[in-house]
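Chemist: This is the structure, below, for whatever I ask next.
The values are calculated or read from the model by the stated rules, or taken from the named source; none is laboratory data. Note that this is a predicted model, so its numbers are computed, not measured. Cβ: placed from backbone, ideal geometry, glycine included. Neighbour counts: every protein chain shown.
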Amino acid sequence: MPEEVPTCQGVTFSACTSVRAKFFVKTVEVYSVQPPSRKIVLAPVYSQDPLHENKAFWDATPSGEISMTINNPRAAEFFKPGQEYYIDFSIPILGSGTAATTVSVPSITT
């Protein structure tokens, strides 16, 4: 029996340039420095309900942690404890200039 090749919306993984995960805000720690900053820690979502979207994400990413320190107050306020967020990881594709540009292609859902 031939080995099954993983796909991303019908495209082989090697052709995909992004991966989607789903995390929730585990903790928010406020630092008393100037300018004020916050440390945001995110962890994978979880569900035992086979019909819930979080079950599929948990099966693909059962463990992990993302930690960020954010100095921009407006950006930091976006992250609320317990709130769920999609996290999209994409590989920058370098254009003709020095800045990276991205292209829109199918994404892999974890």
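A quick yes/no check of all residues on (1) of a type in the set (D, E, K, R); (2) over 20 Å from residue 21 (Cβ atoms); (3) modelled with pLDDT of 95 or more; (4) loosely packed, with under 13 Cβ neighbours inside 10 Å:
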{"residue": "61", "(1), (2), (3), (4)": "no, no, no, no"}
{"residue": "73", "(1), (2), (3), (4)": "no, yes, no, yes"}
{"residue": "84", "(1), (2), (3), (4)": "yes, no, yes, no"}
{"residue": "101", "(1), (2), (3), (4)": "no, yes, no, yes"}
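Chemist: May I pose another question? Could you check region 32-47 and list, in sequence order, the residues that are in a loop (DSSP other than H, G, I, E, B) and either under 20 Å from residue 19 (Cβ atoms) or modelled with pLDDT of 95 or more (or both)?
Modeler: Filtering region 32-47 for residues in a loop (DSSP other than H, G, I, E, B) gives 32-36, 45-47.
Passing the criteria: 45, 46, 47.
Chemist: Name the pairs whose Cβ atoms lie under 6 Å apart, with the first residue in region 20-48 and over 18 Å from residue 58 (Cβ atoms), the second among the aromatic types (Phe, Trp, Tyr) and assigned to a strand (DSSP E or B), and 6 or more positions between them or separate chains?
Modeler: 37/31
Chemist: Something else now. Regarding residue 79, is this residue assigned to a loop (DSSP other than H, G, I, E, B), aromatic (Phe, Trp, Tyr) and surrounded by 13 or more Cβ atoms within 10 Å (Cβ to Cβ)?
Modeler: Values: assigned to a loop (DSSP other than H, G, I, E, B): yes; aromatic (Phe, Trp, Tyr): yes; surrounded by 13 or more Cβ atoms within 10 Å (Cβ to Cβ): yes.
So residue 79 fits the description; yes.
Chemist: Identify all residues within region 14-45 that are over 26 Å from residue 92 (Cα atoms) and charged (D, E, K, R); write none if there are none.
Modeler: Of everything in region 14-45, those that are over 26 Å from residue 92 (Cα atoms) and charged (D, E, K, R) turn out to be 26, 29, 38.
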